[in-house]
Amino acid sequence: MQLISYAETIEQVEKLISHGINEIIISCKELSRFHQNDLDSLLLMNQLIIKNKCRSILEWDVLFPENTLTRAMDIFLKIPLHDFSGIRLQDPGIVYFIKNKYSWLPIQLILETGNHNLIALMKWEEYLGSQLDRLVLSNELSKEHIAHYATSLKTPIEILVFGRILLFYSPRKLLSPLEKEEGVKKYIEAFGTSEESPHSGFPIIENTHGTFMFNVKDLSLIENLDEIKEMGVAHARLDLRFDHSINQLDDLLNYQGPRPLIKGFYQINKTDVLFAKLKNKKTNRKDLNFLGVVVDVERDKGLAVLVKAPSLTLSETSILKIITPEGKEKTLQNFSLKNSLGDKLRSVIEGDVVICTYINGVTVKSQIYYSSSTT
């Protein structure tokens, strides 16, 4: 199994070569989502890689709208492609262009954001034929899938074994409107907080290609390299860009960085866990006294309840019982039910969405039952 990595400076190229990494990914800011160097530095790095008899791979991984492709194409046509061992592509339109105009140039196809199934991967093999040099697979695959694909595909595969995990991408500039300083920066970094979970510290980058958000934890499969090699994976990629350092190559096993490390989907495909939650028996009860289900929660303001009872009359002395998806029970009395206009309701019918008094600890999918009346 071959280790590969990125370089953005001459010094990084030298460091990678000194550690025995003989395939190095390089690019420039017009063609790459994250590289910030210009065309001149790209060509200098390539000369050094060739001089050391290593493989240089040009990365063109930007997803281009039609109106931004012209500038990238101007830069691309200035690059001596015969000096490179291959090109890494992600945009299907660019794949089509390279296939038809440069059929001699080996393609490393980046499929990290889709094509998780074997049929799709085989279709890419069929389409690109002998020009396909490598398939770069998603880090959302379990080790069972990776092992199966490694033995089922004709093409060598590559996976990420160390680096940031991309969660979200938009071609829109989402950070610059929040900047208080005048003038638009070409590169902005920030940290995001989720409104739907307690997680915070999501690294966010905005550059000329759009906005990228990463996981709060970084991926590391360094401890599993021997196992990955035995599975038949031909190439393992290290991504030491951003706040990582090429110097960490000295001791990745004892890496101490700004964020914790995880193995992601490698150990288990956690999407299976969601099915058990969807089939939670606690959220499927239908008693005679069943009122409805909570469909939205706004803290300190109210619970939006979808009424599923055919007809139910409520009095001032009614007591409601709430059961959360975790099975916790809560009691609600001296409550009010209102419609979307704020009018108080005494009776509700099936299909209504009503606003109920907020109670702490109640979440979406909690079930509400008519319990009794006070005397």
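Roughly how many nanometres apart are two label points built 7 Å out from the Cα toward the Cβ at Lys263 and Phe191?
Reported label-point gap for Lys263 and Phe191 is 2.8 nm.
Among all the aspartates and glutamates, which ones have a C-alpha under 20 Å from Lys229's C-alpha, if same-chain residues fewer than 8 places away are not counted?
Filter leaves Glu23, Glu112, Asp133, Glu140, Glu144, Glu158, Asp239, Asp251.
If packing is taken as the average count of other Cβ atoms within 10 Å, what order do 48-58, 114-124 fall into, highest mean first?
Ranking the peptides 48-58, 114-124 by packing returns 48-58, 114-124.
So which trypsin sites (Lys or Arg not before Pro) in region 125-167 end up in coil per DSSP with only 15 or fewer other C-beta atoms within 10 Å?
In loop regions of region 125-167 (DSSP not H, G, I, E or B), the sparsely surrounded trypsin sites (Lys or Arg not before Pro) are Lys154.
Magnitude of the Cβ-charge dipole of region 50-113, K/R +1 and D/E -1, about the Cα centre, nearest 20 debye? Don't jump to the answer; show the numbers that get you there.
Numbers: 8 positive and 7 negative charges, 75 e Å.
Result for region 50-113 is approximately 360 debye, rounded to the nearest 20.
For region 1-153, how many pairs of lysine residues have a Cα-Cα distance under 19 Å, where the two are 8 or more positions apart or belong to different chains?
Taking region 1-153 as the scope, the lysine pair count is 6.
Which residue fluctuates the most in the chain, going by a Gaussian network model with Cα springs under 10 Å, if the choices are Tyr102, Tyr358, Tyr127?
Tyr358
Taking the alpha-carbon distance from Lys186 and a cut-off under 16 Å, which aspartates and glutamates remain once sequence neighbours fewer than 8 residues away in the same chain are dropped?
Once the sequence-local aspartates and glutamates are set aside, what remains near Lys186 is Glu30, Asp38, Glu206.
Give me the 1.4 Å probe accessible area per residue for the chain, excluding ligands and nucleic acids, in Å².
On the way: 20200 Å² over 375 residues.
Heavy-atom accessible area per residue stands at 54 Å².
Determine the percent antiparallel among the DSSP beta bridges restricted to the chain, to the nearest 5.
Values: 46 of 75 bridges.
Of all bridge pairs located within the chain, approximately 60 percent are antiparallel.
Using the 2.2 N^0.38 Å rule of thumb for compact globular proteins, work out how the chain stacks up: its C-alpha Rg over that value, please.
Output field value: 1.30.
Tell me the carbon and sulfur percent of the accessible area for the chain, rounded to whole percent, probe radius 1.4 Å.
Carbon plus sulfur share of accessible area: 51 percent.
Pick out, in residue order, every one of the trypsin sites (Lys or Arg not before Pro) in region 335-375 that is DSSP loop and has at most 12 other C-beta atoms within 10 Å; say none if there are none.
For trypsin sites (Lys or Arg not before Pro) across region 335-375 that sit outside H, G, I, E and B with at most 12 neighbouring Cβ atoms in 10 Å, the list reads Arg346.
The values are calculated or read from the model by the stated rules, or taken from the named source; none is laboratory data. Bear in mind that the values here come from a model prediction, so they are computed numbers and not experimental data. Reconstructed Cβ throughout: ideal geometry from the backbone, glycine too, with neighbour counts over all protein chains shown. The protein model used for the area step is the full one, side chains on, heavy atoms only, and it has no ligands, DNA or RNA in it. Shrake-Rupley method; radii C 1.70, N 1.55, O 1.52, S 1.80 Å.
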